[in-house]
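Here the structure comes first, spelled out in C-alpha coordinates, and everything after it is commentary.
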Amino acid sequence: MLRPVSAPASPAPEANQAADSRNSLEPRLFIGPSDVRPIFGANVNALQPGQVAVIDASAPGYPMASLRELPPGDYYAQALVNIYTEVHRADGRTLWVHMDQWEGQHFNRSPGNLYSEAQRVHLDPAAGFELRLNMAKVIPPVKVPADTQWVKHVKIQSELLTKFWGHPIFIGAIVLLPQGYDTHPDVHYPAIYQMGHFGLGNPFTFSTDSAPVPAAERAGLANLNRETGYEFYQSWTSANFPRVVAVTFQHPTPFYDDSYAVNSVNQGPYGDALTKELIPYLESHFRIIAKPYARMLTGGSTGGWESLADQVFYPDFFGGTWTLYPDPVDFRRFQLSNAYDDANMYHEPGHTGLDVPRYMERKADGQPEVTMQQEGQLENVLGDHNRSGEQFEAWDAAFSPVGDDGYPKPMWDKTTGKIDKNVLQYWRDHGFDLSYNLKTNWAALGPKLRGKIHVYVGDEDFYYLNLAVYLLEDVMKNLKNPPCDCEFQYGRPMKGHGWQPTSSAGLVRWISDAVVKNASAGENTAAWHY
(Lines give C-alpha, C1' and ligand atoms only; values in the text may rest on other atoms or scores of the structure.)
Protein backbone atom coordinates (compact mmCIF):
# COMPACT_ATOMS: atom_id res chain seq x y z
CA MET A 1 0.00 0.00 0.00
CA LEU A 2 1.28 3.44 -0.92
CA ARG A 3 0.35 7.02 -0.06
CA PRO A 4 1.85 9.89 -2.04
CA VAL A 5 3.77 12.24 0.25
CA SER A 6 1.70 15.16 -1.06
CA ALA A 7 -1.65 13.47 -0.37
CA PRO A 8 -3.92 14.79 2.41
CA ALA A 9 -3.09 13.37 5.82
CA SER A 10 -6.62 12.73 7.12
CA PRO A 11 -7.59 9.04 7.16
CA ALA A 12 -10.61 7.91 5.20
CA PRO A 13 -13.83 7.91 7.28
CA GLU A 14 -13.96 4.12 7.26
CA ALA A 15 -10.68 4.04 9.19
CA ASN A 16 -12.85 4.72 12.26
CA GLN A 17 -9.98 5.78 14.47
CA ALA A 18 -8.46 9.11 15.36
CA ALA A 19 -5.48 10.32 13.34
CA ASP A 20 -2.31 11.35 15.09
CA SER A 21 1.08 12.43 13.77
CA ARG A 22 2.09 8.78 13.42
CA ASN A 23 -0.86 6.88 11.97
CA SER A 24 -1.94 9.70 9.64
CA LEU A 25 0.99 8.65 7.44
CA GLU A 26 -0.10 5.03 7.27
CA PRO A 27 -1.35 4.01 3.81
CA ARG A 28 -3.33 1.11 5.34
CA LEU A 29 -5.82 3.63 6.74
CA PHE A 30 -6.65 4.98 3.27
CA ILE A 31 -8.56 2.23 1.46
CA GLY A 32 -11.59 3.02 -0.68
CA PRO A 33 -12.68 3.43 -4.30
CA SER A 34 -12.80 7.23 -4.14
CA ASP A 35 -9.82 7.70 -1.80
CA VAL A 36 -7.23 6.87 -4.42
CA ARG A 37 -4.06 5.57 -2.81
CA PRO A 38 -2.19 2.90 -4.81
CA ILE A 39 -2.63 -0.62 -3.43
CA PHE A 40 -1.32 -3.93 -4.75
CA GLY A 41 -2.11 -7.41 -3.46
CA ALA A 42 -1.27 -11.10 -3.75
CA ASN A 43 -2.04 -14.32 -1.90
CA VAL A 44 0.56 -15.96 0.32
CA ASN A 45 0.29 -19.44 1.80
CA ALA A 46 1.60 -20.50 5.23
CA LEU A 47 4.02 -17.58 5.35
CA GLN A 48 6.63 -18.24 8.04
CA PRO A 49 8.46 -15.66 10.19
CA GLY A 50 11.35 -14.24 8.18
CA GLN A 51 10.00 -15.60 4.90
CA VAL A 52 9.72 -13.15 2.00
CA ALA A 53 6.44 -12.45 0.18
CA VAL A 54 6.93 -10.65 -3.11
CA ILE A 55 4.68 -7.98 -4.57
CA ASP A 56 5.91 -7.33 -8.11
CA ALA A 57 4.61 -6.01 -11.43
CA SER A 58 2.40 -9.08 -11.86
CA ALA A 59 0.36 -8.29 -8.72
CA PRO A 60 -3.03 -6.68 -9.43
CA GLY A 61 -3.41 -3.09 -8.32
CA TYR A 62 -5.74 -0.14 -7.88
CA PRO A 63 -6.13 2.48 -9.28
CA MET A 64 -3.30 1.49 -11.64
CA ALA A 65 -3.34 -2.13 -12.76
CA SER A 66 0.35 -2.77 -12.12
CA LEU A 67 3.36 -1.34 -10.31
CA ARG A 68 4.74 -0.58 -13.78
CA GLU A 69 2.14 2.18 -14.09
CA LEU A 70 3.03 3.86 -10.80
CA PRO A 71 4.09 7.49 -11.38
CA PRO A 72 7.64 8.14 -10.11
CA GLY A 73 7.69 10.13 -6.89
CA ASP A 74 7.90 10.14 -3.12
CA TYR A 75 5.55 7.84 -1.20
CA TYR A 76 4.82 6.38 2.21
CA ALA A 77 4.90 2.60 1.72
CA GLN A 78 3.44 -0.03 4.02
CA ALA A 79 2.78 -3.78 3.95
CA LEU A 80 -0.05 -5.68 5.63
CA VAL A 81 -1.18 -9.29 5.69
CA ASN A 82 -4.86 -10.17 6.11
CA ILE A 83 -4.99 -13.49 7.96
CA TYR A 84 -7.37 -16.20 6.73
CA THR A 85 -8.64 -19.14 8.75
CA GLU A 86 -9.43 -22.59 7.37
CA VAL A 87 -13.02 -23.58 8.12
CA HIS A 88 -14.98 -26.76 7.42
CA ARG A 89 -18.58 -25.82 6.80
CA ALA A 90 -21.64 -27.93 7.44
CA ASP A 91 -22.24 -28.17 3.67
CA GLY A 92 -18.99 -30.16 3.35
CA ARG A 93 -16.93 -27.35 1.84
CA THR A 94 -13.55 -26.24 3.14
CA LEU A 95 -12.85 -22.51 2.79
CA TRP A 96 -10.18 -20.02 3.79
CA VAL A 97 -11.79 -16.82 5.08
CA HIS A 98 -10.99 -13.91 7.35
CA MET A 99 -12.82 -14.42 10.63
CA ASP A 100 -14.04 -11.08 11.88
CA GLN A 101 -12.49 -9.86 15.13
CA TRP A 102 -15.36 -7.44 15.95
CA GLU A 103 -13.92 -4.79 13.63
CA GLY A 104 -16.48 -5.31 10.87
CA GLN A 105 -14.37 -7.07 8.22
CA HIS A 106 -11.98 -4.14 7.74
CA PHE A 107 -8.70 -5.90 7.03
CA ASN A 108 -6.70 -2.71 7.50
CA ARG A 109 -7.65 -2.55 11.19
CA SER A 110 -8.56 -6.14 12.02
CA PRO A 111 -7.00 -7.36 15.29
CA GLY A 112 -4.25 -9.91 14.76
CA ASN A 113 -3.35 -8.80 11.24
CA LEU A 114 0.33 -8.02 10.74
CA TYR A 115 1.67 -4.80 9.29
CA SER A 116 4.86 -2.82 8.85
CA GLU A 117 5.87 0.69 9.77
CA ALA A 118 5.19 3.22 7.04
CA GLN A 119 8.41 4.13 5.21
CA ARG A 120 9.01 7.27 3.19
CA VAL A 121 10.61 6.20 -0.08
CA HIS A 122 11.26 7.42 -3.62
CA LEU A 123 9.95 5.00 -6.25
CA ASP A 124 10.59 5.04 -9.99
CA PRO A 125 9.26 1.98 -11.86
CA ALA A 126 11.27 2.91 -14.97
CA ALA A 127 14.52 2.59 -13.03
CA GLY A 128 13.33 -0.43 -11.05
CA PHE A 129 13.36 -0.74 -7.29
CA GLU A 130 13.41 -3.20 -4.44
CA LEU A 131 11.72 -2.21 -1.21
CA ARG A 132 11.81 -4.35 1.92
CA LEU A 133 9.04 -3.96 4.51
CA ASN A 134 9.08 -5.91 7.77
CA MET A 135 5.62 -6.81 9.08
CA ALA A 136 6.58 -6.86 12.75
CA LYS A 137 3.57 -5.03 14.16
CA VAL A 138 0.21 -6.54 15.18
CA ILE A 139 -3.11 -4.71 15.10
CA PRO A 140 -4.41 -4.71 18.72
CA PRO A 141 -7.83 -5.94 19.87
CA VAL A 142 -10.88 -3.76 19.40
CA LYS A 143 -11.85 -1.68 22.42
CA VAL A 144 -15.61 -2.00 22.87
CA PRO A 145 -17.10 1.03 24.67
CA ALA A 146 -18.09 0.42 28.26
CA ASP A 147 -21.74 0.07 29.24
CA THR A 148 -23.42 3.17 30.63
CA GLN A 149 -26.72 4.06 32.26
CA TRP A 150 -28.24 4.33 28.80
CA VAL A 151 -26.29 1.99 26.55
CA LYS A 152 -25.66 -1.74 26.96
CA HIS A 153 -23.58 -4.03 24.76
CA VAL A 154 -24.53 -7.63 23.98
CA LYS A 155 -22.47 -10.32 22.28
CA ILE A 156 -23.55 -13.96 22.05
CA GLN A 157 -22.34 -17.01 20.19
CA SER A 158 -24.87 -18.13 17.60
CA GLU A 159 -25.53 -21.86 17.68
CA LEU A 160 -27.05 -21.76 14.19
CA LEU A 161 -24.12 -19.95 12.60
CA THR A 162 -21.45 -21.82 14.54
CA LYS A 163 -22.91 -25.10 13.31
CA PHE A 164 -22.97 -23.82 9.73
CA TRP A 165 -19.37 -22.55 9.74
CA GLY A 166 -17.80 -25.18 11.96
CA HIS A 167 -16.22 -22.28 13.82
CA PRO A 168 -17.46 -19.98 16.61
CA ILE A 169 -19.56 -17.16 15.14
CA PHE A 170 -20.76 -14.26 17.27
CA ILE A 171 -23.58 -11.79 16.83
CA GLY A 172 -24.44 -8.84 19.01
CA ALA A 173 -26.38 -5.68 19.65
CA ILE A 174 -26.11 -2.23 21.13
CA VAL A 175 -29.15 -1.48 23.27
CA LEU A 176 -30.31 2.06 24.07
CA LEU A 177 -32.61 2.15 27.10
CA PRO A 178 -35.34 4.74 27.59
CA GLN A 179 -35.57 7.41 30.25
CA GLY A 180 -36.96 5.87 33.45
CA TYR A 181 -36.09 2.28 32.56
CA ASP A 182 -34.57 1.61 35.99
CA THR A 183 -37.28 3.45 37.93
CA HIS A 184 -40.16 1.62 36.22
CA PRO A 185 -39.16 -2.04 36.71
CA ASP A 186 -42.60 -3.41 35.84
CA VAL A 187 -42.83 -1.74 32.42
CA HIS A 188 -42.08 -3.63 29.20
CA TYR A 189 -41.25 -1.64 26.07
CA PRO A 190 -41.56 -1.83 22.29
CA ALA A 191 -38.29 -2.04 20.36
CA ILE A 192 -37.07 -0.20 17.29
CA TYR A 193 -34.47 -2.30 15.50
CA GLN A 194 -32.15 -0.04 13.52
CA MET A 195 -30.41 -2.06 10.80
CA GLY A 196 -27.12 -1.16 9.15
CA HIS A 197 -23.42 -1.79 8.77
CA PHE A 198 -21.37 -3.12 11.64
CA GLY A 199 -20.31 -0.45 14.08
CA LEU A 200 -19.69 0.34 17.73
CA GLY A 201 -21.72 3.55 17.70
CA ASN A 202 -25.00 3.99 19.56
CA PRO A 203 -28.47 3.73 18.02
CA PHE A 204 -29.50 6.97 16.31
CA THR A 205 -25.99 8.32 17.16
CA PHE A 206 -27.19 8.92 20.76
CA SER A 207 -24.52 10.82 22.67
CA THR A 208 -24.30 12.63 26.01
CA ASP A 209 -21.34 14.65 24.71
CA SER A 210 -22.37 18.29 24.41
CA ALA A 211 -19.16 19.40 22.67
CA PRO A 212 -19.78 21.97 19.92
CA VAL A 213 -20.30 20.59 16.42
CA PRO A 214 -18.44 22.29 13.53
CA ALA A 215 -20.66 24.52 11.43
CA ALA A 216 -20.05 22.52 8.25
CA GLU A 217 -21.06 19.26 9.93
CA ARG A 218 -24.17 20.86 11.41
CA ALA A 219 -25.15 22.23 8.00
CA GLY A 220 -24.69 18.79 6.44
CA LEU A 221 -26.91 17.21 9.07
CA ALA A 222 -29.58 19.86 8.61
CA ASN A 223 -29.58 19.23 4.85
CA LEU A 224 -30.47 15.61 5.58
CA ASN A 225 -33.03 16.41 8.32
CA ARG A 226 -30.73 14.92 10.95
CA GLU A 227 -29.77 16.18 14.38
CA THR A 228 -26.56 15.74 16.34
CA GLY A 229 -26.17 12.82 18.73
CA TYR A 230 -26.47 15.18 21.68
CA GLU A 231 -29.64 16.75 20.31
CA PHE A 232 -31.10 13.26 19.94
CA TYR A 233 -30.11 12.54 23.56
CA GLN A 234 -31.97 15.68 24.64
CA SER A 235 -35.11 14.48 22.83
CA TRP A 236 -34.74 10.90 24.07
CA THR A 237 -34.66 11.98 27.70
CA SER A 238 -37.26 14.75 27.46
CA ALA A 239 -40.75 14.72 28.91
CA ASN A 240 -43.48 13.19 26.77
CA PHE A 241 -41.00 11.47 24.43
CA PRO A 242 -41.96 7.87 23.55
CA ARG A 243 -40.39 5.37 25.92
CA VAL A 244 -39.05 2.62 23.67
CA VAL A 245 -35.89 0.55 23.45
CA ALA A 246 -33.66 1.20 20.42
CA VAL A 247 -31.33 -1.53 19.18
CA THR A 248 -28.64 -1.80 16.54
CA PHE A 249 -27.47 -5.24 15.43
CA GLN A 250 -23.92 -6.49 14.93
CA HIS A 251 -23.65 -9.45 12.57
CA PRO A 252 -20.39 -9.42 10.63
CA THR A 253 -19.74 -12.47 8.46
CA PRO A 254 -16.57 -14.08 7.12
CA PHE A 255 -17.25 -12.16 3.88
CA TYR A 256 -18.52 -8.72 4.88
CA ASP A 257 -19.22 -6.39 7.80
CA ASP A 258 -22.90 -7.26 7.63
CA SER A 259 -24.92 -10.33 6.65
CA TYR A 260 -27.81 -8.46 5.03
CA ALA A 261 -29.93 -10.11 7.76
CA VAL A 262 -31.13 -12.95 5.52
CA ASN A 263 -30.45 -16.65 5.25
CA SER A 264 -27.75 -17.42 2.71
CA VAL A 265 -26.18 -20.58 1.30
CA ASN A 266 -22.80 -18.84 1.47
CA GLN A 267 -23.00 -17.07 4.81
CA GLY A 268 -25.43 -19.19 6.74
CA PRO A 269 -28.80 -18.61 8.42
CA TYR A 270 -28.22 -15.05 9.61
CA GLY A 271 -31.88 -14.11 9.24
CA ASP A 272 -32.89 -16.96 11.52
CA ALA A 273 -30.01 -16.22 13.90
CA LEU A 274 -31.31 -12.67 14.38
CA THR A 275 -34.98 -13.58 14.73
CA LYS A 276 -34.67 -16.89 16.61
CA GLU A 277 -31.58 -16.27 18.75
CA LEU A 278 -30.61 -12.62 19.16
CA ILE A 279 -34.00 -10.90 19.37
CA PRO A 280 -35.43 -13.48 21.81
CA TYR A 281 -32.29 -13.04 23.92
CA LEU A 282 -32.79 -9.27 23.95
CA GLU A 283 -36.49 -9.58 24.74
CA SER A 284 -35.74 -11.81 27.73
CA HIS A 285 -32.93 -9.63 29.10
CA PHE A 286 -34.24 -6.07 28.56
CA ARG A 287 -38.00 -6.15 29.25
CA ILE A 288 -38.88 -5.78 25.57
CA ILE A 289 -42.42 -6.68 24.52
CA ALA A 290 -42.12 -10.00 22.68
CA LYS A 291 -44.94 -9.44 20.21
CA PRO A 292 -44.91 -8.53 16.50
CA TYR A 293 -46.70 -5.21 16.95
CA ALA A 294 -43.86 -4.05 19.23
CA ARG A 295 -41.00 -5.07 16.91
CA MET A 296 -40.36 -2.23 14.46
CA LEU A 297 -37.65 -1.88 11.83
CA THR A 298 -35.70 1.00 10.37
CA GLY A 299 -32.32 1.54 8.77
CA GLY A 300 -30.56 3.25 5.91
CA SER A 301 -28.61 2.07 2.85
CA THR A 302 -27.63 -1.55 3.52
CA GLY A 303 -29.76 -1.25 6.65
CA GLY A 304 -32.57 0.15 4.53
CA TRP A 305 -32.58 -2.95 2.34
CA GLU A 306 -32.39 -5.13 5.43
CA SER A 307 -35.28 -3.41 7.16
CA LEU A 308 -37.55 -3.98 4.16
CA ALA A 309 -36.22 -7.49 3.51
CA ASP A 310 -36.78 -8.64 7.09
CA GLN A 311 -40.32 -7.27 7.03
CA VAL A 312 -40.91 -9.24 3.79
CA PHE A 313 -39.11 -12.44 4.79
CA TYR A 314 -40.53 -12.43 8.34
CA PRO A 315 -43.94 -10.77 7.85
CA ASP A 316 -45.47 -12.32 10.98
CA PHE A 317 -42.53 -11.42 13.22
CA PHE A 318 -42.18 -7.65 12.68
CA GLY A 319 -44.79 -4.93 12.91
CA GLY A 320 -43.60 -2.45 10.30
CA THR A 321 -40.61 -0.89 8.56
CA TRP A 322 -39.48 2.70 8.06
CA THR A 323 -36.94 2.09 5.32
CA LEU A 324 -34.38 4.76 4.42
CA TYR A 325 -32.46 4.99 1.09
CA PRO A 326 -32.22 1.22 0.64
CA ASP A 327 -29.76 -0.75 -1.48
CA PRO A 328 -31.34 -1.84 -4.80
CA VAL A 329 -34.85 -3.10 -4.08
CA ASP A 330 -35.74 -3.68 -7.75
CA PHE A 331 -33.09 -5.21 -9.98
CA ARG A 332 -34.48 -3.45 -13.03
CA ARG A 333 -32.50 -0.57 -11.55
CA PHE A 334 -29.47 -2.15 -9.96
CA GLN A 335 -27.94 1.27 -9.39
CA LEU A 336 -27.85 2.47 -13.04
CA SER A 337 -28.12 -0.90 -14.77
CA ASN A 338 -31.14 -3.00 -15.66
CA ALA A 339 -29.65 -6.29 -14.52
CA TYR A 340 -32.30 -8.29 -16.37
CA ASP A 341 -31.92 -6.62 -19.78
CA ASP A 342 -28.30 -5.45 -19.79
CA ALA A 343 -25.49 -7.84 -20.72
CA ASN A 344 -22.81 -5.89 -18.87
CA MET A 345 -22.79 -4.08 -15.53
CA TYR A 346 -19.96 -1.72 -16.46
CA HIS A 347 -21.09 -0.13 -19.72
CA GLU A 348 -24.35 1.33 -21.01
CA PRO A 349 -25.76 -0.70 -23.91
CA GLY A 350 -26.78 0.72 -27.28
CA HIS A 351 -23.53 2.44 -28.29
CA THR A 352 -21.40 1.47 -31.28
CA GLY A 353 -17.67 2.03 -31.01
CA LEU A 354 -18.02 3.85 -27.70
CA ASP A 355 -17.80 2.58 -24.13
CA VAL A 356 -20.09 4.64 -21.90
CA PRO A 357 -19.30 3.75 -18.28
CA ARG A 358 -21.86 3.01 -15.62
CA TYR A 359 -21.22 4.87 -12.38
CA MET A 360 -21.80 3.59 -8.87
CA GLU A 361 -21.40 6.91 -7.06
CA ARG A 362 -22.11 10.60 -7.65
CA LYS A 363 -22.43 13.83 -5.72
CA ALA A 364 -25.79 15.41 -4.88
CA ASP A 365 -25.34 17.85 -7.77
CA GLY A 366 -25.10 14.91 -10.19
CA GLN A 367 -21.33 14.91 -10.66
CA PRO A 368 -20.23 11.27 -11.27
CA GLU A 369 -17.46 10.09 -8.96
CA VAL A 370 -16.64 6.37 -9.17
CA THR A 371 -17.42 3.88 -11.94
CA MET A 372 -18.72 0.38 -11.39
CA GLN A 373 -15.59 -0.94 -13.09
CA GLN A 374 -13.28 0.94 -10.75
CA GLU A 375 -14.98 -0.57 -7.71
CA GLY A 376 -14.75 -4.01 -9.32
CA GLN A 377 -11.02 -3.50 -9.90
CA LEU A 378 -10.50 -2.56 -6.26
CA GLU A 379 -12.36 -5.65 -5.08
CA ASN A 380 -10.17 -7.88 -7.27
CA VAL A 381 -7.11 -6.44 -5.55
CA LEU A 382 -8.40 -6.79 -2.00
CA GLY A 383 -9.25 -10.48 -2.25
CA ASP A 384 -9.95 -13.23 -4.76
CA HIS A 385 -12.80 -15.75 -4.41
CA ASN A 386 -15.16 -12.93 -3.39
CA ARG A 387 -13.15 -12.21 -0.22
CA SER A 388 -12.57 -8.47 -0.68
CA GLY A 389 -15.00 -7.49 2.08
CA GLU A 390 -16.37 -4.79 -0.24
CA GLN A 391 -19.85 -3.89 -1.48
CA PHE A 392 -20.27 -5.80 -4.74
CA GLU A 393 -19.01 -9.04 -3.25
CA ALA A 394 -21.15 -8.49 -0.17
CA TRP A 395 -24.19 -8.87 -2.42
CA ASP A 396 -22.69 -12.02 -3.93
CA ALA A 397 -22.07 -13.46 -0.47
CA ALA A 398 -25.61 -12.76 0.68
CA PHE A 399 -27.62 -13.50 -2.48
CA SER A 400 -25.67 -15.87 -4.76
CA PRO A 401 -25.47 -19.65 -5.05
CA VAL A 402 -22.25 -21.38 -4.06
CA GLY A 403 -19.72 -21.45 -6.89
CA ASP A 404 -17.73 -24.46 -8.07
CA ASP A 405 -14.80 -23.28 -5.93
CA GLY A 406 -16.98 -23.27 -2.80
CA TYR A 407 -17.08 -19.48 -2.58
CA PRO A 408 -19.98 -17.17 -3.57
CA LYS A 409 -20.64 -17.19 -7.31
CA PRO A 410 -20.42 -13.61 -8.65
CA MET A 411 -23.48 -12.09 -10.30
CA TRP A 412 -21.14 -10.34 -12.66
CA ASP A 413 -17.48 -10.72 -13.58
CA LYS A 414 -15.58 -8.10 -11.57
CA THR A 415 -13.01 -7.70 -14.37
CA THR A 416 -15.20 -7.57 -17.47
CA GLY A 417 -18.59 -6.62 -16.01
CA LYS A 418 -20.39 -9.46 -17.83
CA ILE A 419 -23.61 -10.42 -16.04
CA ASP A 420 -24.27 -14.09 -15.28
CA LYS A 421 -28.00 -14.38 -15.92
CA ASN A 422 -28.23 -17.72 -14.14
CA VAL A 423 -26.94 -16.14 -10.94
CA LEU A 424 -29.27 -13.17 -11.41
CA GLN A 425 -32.22 -15.53 -11.74
CA TYR A 426 -31.13 -17.23 -8.52
CA TRP A 427 -31.11 -13.84 -6.78
CA ARG A 428 -34.62 -13.09 -8.05
CA ASP A 429 -36.11 -16.53 -7.43
CA HIS A 430 -34.82 -16.57 -3.86
CA GLY A 431 -36.64 -13.35 -3.06
CA PHE A 432 -33.76 -10.85 -3.00
CA ASP A 433 -35.33 -8.65 -5.67
CA LEU A 434 -37.76 -7.32 -3.08
CA SER A 435 -40.02 -5.62 -5.61
CA TYR A 436 -40.41 -8.84 -7.60
CA ASN A 437 -40.87 -10.80 -4.38
CA LEU A 438 -43.69 -8.56 -3.18
CA LYS A 439 -45.45 -8.51 -6.54
CA THR A 440 -45.19 -12.28 -7.03
CA ASN A 441 -46.19 -13.26 -3.51
CA TRP A 442 -48.67 -10.52 -2.65
CA ALA A 443 -51.61 -12.90 -2.28
CA ALA A 444 -49.90 -14.41 0.76
CA LEU A 445 -47.92 -11.36 1.91
CA GLY A 446 -50.52 -8.66 1.38
CA PRO A 447 -52.77 -9.36 4.38
CA LYS A 448 -49.67 -9.43 6.60
CA LEU A 449 -47.95 -6.33 5.21
CA ARG A 450 -50.79 -3.91 4.54
CA GLY A 451 -49.90 -0.52 6.00
CA LYS A 452 -46.51 -1.70 7.30
CA ILE A 453 -44.16 -0.42 4.57
CA HIS A 454 -42.74 3.12 4.53
CA VAL A 455 -39.84 4.00 2.19
CA TYR A 456 -37.85 7.24 1.99
CA VAL A 457 -34.96 8.30 -0.29
CA GLY A 458 -33.39 11.46 -1.66
CA ASP A 459 -33.90 12.18 -5.36
CA GLU A 460 -30.13 12.59 -5.87
CA ASP A 461 -29.01 9.60 -3.82
CA PHE A 462 -25.25 9.28 -4.14
CA TYR A 463 -25.54 5.63 -5.23
CA TYR A 464 -28.55 6.03 -7.55
CA LEU A 465 -30.70 4.08 -5.08
CA ASN A 466 -33.71 6.29 -5.71
CA LEU A 467 -34.13 4.75 -9.17
CA ALA A 468 -35.08 1.32 -7.81
CA VAL A 469 -37.36 2.89 -5.19
CA TYR A 470 -39.38 4.60 -7.97
CA LEU A 471 -39.98 1.18 -9.54
CA LEU A 472 -40.87 -0.35 -6.18
CA GLU A 473 -43.45 2.36 -5.61
CA ASP A 474 -45.01 1.67 -9.02
CA VAL A 475 -45.28 -2.00 -8.15
CA MET A 476 -46.61 -1.43 -4.63
CA LYS A 477 -49.19 1.18 -5.55
CA ASN A 478 -50.70 -1.20 -8.14
CA LEU A 479 -51.11 -4.11 -5.76
CA LYS A 480 -54.71 -5.10 -4.99
CA ASN A 481 -56.60 -7.39 -2.63
CA PRO A 482 -55.50 -5.85 -0.37
CA PRO A 483 -53.99 -2.51 -1.35
CA CYS A 484 -50.55 -1.95 0.12
CA ASP A 485 -51.47 1.24 2.03
CA CYS A 486 -47.74 1.93 1.88
CA GLU A 487 -45.90 5.24 2.04
CA PHE A 488 -43.16 6.67 -0.20
CA GLN A 489 -41.45 10.03 0.23
CA TYR A 490 -38.62 11.59 -1.77
CA GLY A 491 -36.16 14.25 -0.67
CA ARG A 492 -36.15 17.16 -3.12
CA PRO A 493 -34.32 19.00 -4.47
CA MET A 494 -30.83 17.52 -4.59
CA LYS A 495 -31.04 15.44 -1.43
CA GLY A 496 -28.35 12.80 -1.33
CA HIS A 497 -27.58 9.58 0.50
CA GLY A 498 -28.58 9.86 4.14
CA TRP A 499 -31.67 12.04 3.66
CA GLN A 500 -34.69 11.25 5.83
CA PRO A 501 -38.08 12.97 5.93
CA THR A 502 -37.83 13.95 9.60
CA SER A 503 -35.27 14.03 12.36
CA SER A 504 -34.26 10.81 14.08
CA ALA A 505 -36.35 11.87 17.08
CA GLY A 506 -39.25 12.51 14.73
CA LEU A 507 -38.80 9.06 13.22
CA VAL A 508 -38.99 7.49 16.67
CA ARG A 509 -42.24 9.39 17.30
CA TRP A 510 -43.73 8.17 14.00
CA ILE A 511 -42.81 4.58 14.77
CA SER A 512 -44.09 4.83 18.31
CA ASP A 513 -47.43 6.18 17.08
CA ALA A 514 -47.71 3.15 14.79
CA VAL A 515 -47.02 0.79 17.69
CA VAL A 516 -49.85 2.36 19.68
CA LYS A 517 -52.17 2.15 16.68
CA ASN A 518 -51.36 -1.50 16.01
CA ALA A 519 -51.44 -2.71 19.63
CA SER A 520 -54.28 -5.00 20.52
CA ALA A 521 -57.09 -3.71 22.70
CA GLY A 522 -55.71 -5.47 25.76
CA GLU A 523 -52.28 -3.82 25.63
CA ASN A 524 -51.59 -1.13 28.20
CA THR A 525 -49.65 1.24 25.97
CA ALA A 526 -50.00 4.00 28.54
CA ALA A 527 -47.58 2.08 30.75
CA TRP A 528 -44.64 2.89 28.49
CA HIS A 529 -45.81 6.43 27.77
CA TYR A 530 -45.25 7.51 31.38
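Summary of values
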{"quantity": "Sorted peptide list for 446-452, 101-107, 366-372, criterion being average Cβ within 10 angstrom, highest first", "calculated": "101-107, 446-452, 366-372"}
{"quantity": "Estimated D of segment 361-500 in µm² per second, where Rh is the Kirkwood radius over Cα pairs and Stokes-Einstein applies at 10 °C, 1.306 mPa s", "calculated": "93"}
{"quantity": "Rounded if a/c under 1.5, otherwise prolate or oblate - segment 169-210, Cα gyration tensor axes", "calculated": "oblate"}
{"quantity": "For segment 65-132, accessible area per residue (1.4 Å probe, heavy atoms of protein chains only), Å²", "calculated": "50"}
{"quantity": "The chain - percent of accessible surface contributed by carbon and sulfur, probe 1.4 Å", "calculated": "51"}
{"quantity": "Positive-end extreme of charge dipole, the chain - chosen from Ile289, Val151, Ala443 (charges on Cβ)", "calculated": "Ile289"}
{"quantity": "Cα gyration tensor shape of segment 173-314, rounded if a/c is under 1.5, else prolate or oblate by comparing a/b with b/c", "calculated": "oblate"}
{"quantity": "Gyration tensor verdict on segment 126-174 (Cα atoms; rounded if a/c is under 1.5, prolate if a/b is larger than b/c, oblate otherwise)", "calculated": "oblate"}
{"quantity": "Leading residue at positive end of dipole, the chain (Cβ point charges), from Leu424, Gln234, Gln335", "calculated": "Gln234"}
{"quantity": "Share antiparallel - DSSP beta bridges, the chain, percent rounded to 5", "calculated": "60"}
{"quantity": "For segment 145-228, accessible area per residue (1.4 Å probe, heavy atoms of protein chains only), Å²", "calculated": "49"}
{"quantity": "Heavy atoms of Phe462 accessible to a 1.4 Å probe, total area in Å² rounded to 10", "calculated": "70"}
{"quantity": "22 Å tail of the calculated P(r), segment 91-173, as % of Cα pairs", "calculated": "53"}
{"quantity": "Cβ-placed point charges (K, R +1; D, E -1), dipole of segment 125-186 about Cα centre in debye, nearest 20", "calculated": "340"}
{"quantity": "Val312, Val44, ranked by accessible area, largest first (probe 1.4 Å)", "calculated": "Val44, Val312"}
{"quantity": "Matching label, volume of the Cα convex hull per residue in Å³ computed from the structure shown, candidates [x] 330; [y] 160; [z] 204", "calculated": "[y]"}
{"quantity": "Protection proxy ranking of 407-418, 113-124, 477-488 - average other beta-carbon atoms within 10 Å, highest first", "calculated": "407-418, 113-124, 477-488"}
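The values are calculated or read from the model by the stated rules, or taken from the named source; none is laboratory data. Predicted model, so just to flag it, every value in this text is computed and none were measured. Note that each Cβ is placed from the backbone with ideal geometry, even for glycine, and that neighbours are counted across all protein chains shown. Note: areas computed on protein heavy atoms with side chains; ligands, DNA, RNA excluded. Shrake-Rupley method; radii C 1.70, N 1.55, O 1.52, S 1.80 Å.
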